[in-house]
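Here the structure comes first, spelled out in structure tokens, and everything after it is commentary.
Taken together, the values in this text are just the output of simple stated rules run on the coordinates, not laboratory data. Everything numeric here is computed off the predicted structure, so don't read it as measured data. With ideal geometry, Cβ positions are generated from the backbone for all residues, glycine too; neighbour counts draw on all protein chains shown.
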Amino acid sequence: MKIGDKIAVLDEDISGHIVAFTGSDVTIMTQDGFEMQYAKNEIVVESNSLTKKQMLPQNISEIISEKEVKKHKNTTRIRPKERSMPPMEVDLHIHQLTNNQKGLSNYDMLTLQMDTAKRQLEFAISKRLQRVVFIHGIGDGVLRAELDFLFKRYDNLEYYDADYQKYGRGATEVYIFQSKNP
């Protein structure tokens, strides 16, 4: 610290510059024109204040342009169209998956539904889709329980009940987290 250094007082909203030293105390002139004394450990020197040369208009415009470049590098703009895209819908009702369900056992139907769900989920992940709604119906809850088991095997997604007004209680929405690398 030396006379003329710009300082700020710790724990108080006071700043100014050093005008004198008295033993372990420092006399400062505040921005309001008052002289005050503080112990050396109660003040800090403001090292990042700008010089008059740095305040010239061409330097300020350089500083602003540097900040704008840094700001735009880190942000990725999500277009409004992409943000509000409807989710991909996968209807797992058996009559939607096969033309003839006669002769299929419950196990065969569940296997067909789960194979379809897994294939569509893998498709959505590969095409970088963010949301998929699986329409499973209410029923006894067997298909829903199997879907829960399937979804728990993936680290990059979360799932929850789909929009009640649109699907009722018979649908689950999956949100797929997109990694930075394709």
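Any number yet on Rg/Rh for the range 80-176, C-alpha, Kirkwood?
Using Cα coordinates only, the ratio equals 0.97.
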Next item on the list: Return P(r) of the range 1-47 (all Cα-Cα pairs; 10 Å bins starting at 0; whole %; ordered from short to long distances).
Entry: 32, 63, 5
Next item on the list: Order by neighbour count: His17, His95, fewest other Cβ atoms within 10 Å first, most last.
Entry: His95, His17
Next item on the list: Would you mind computing, in nm to one decimal, how far apart the modelled labels at Lys2 and Gln96 are, each placed 7 Å from Cα along Cα→Cβ?
Entry: 7.8
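Going by C-beta contacts inside 10 Å, put Tyr159, Tyr154 in order with the fewest on the left. Could the numbers behind the result be given before it?
On the way: Tyr159 18, Tyr154 15.
Starting with the residue having the fewest Cβ neighbours, the order is Tyr154, Tyr159.
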Notebook entry, point to check: Between Tyr38 and Ser105, what is the spin-label point distance in nm, taking each point 7 Å from the Cα along the Cα→C-beta axis?
Noted result: 8.3
Notebook entry, point to check: If the cut-off is a Cα-Cα distance under 16 Å, which aspartates and glutamates reach Lys40, setting aside same-chain residues fewer than 8 apart in sequence?
Noted result: Asp5, Asp11, Glu12, Asp25
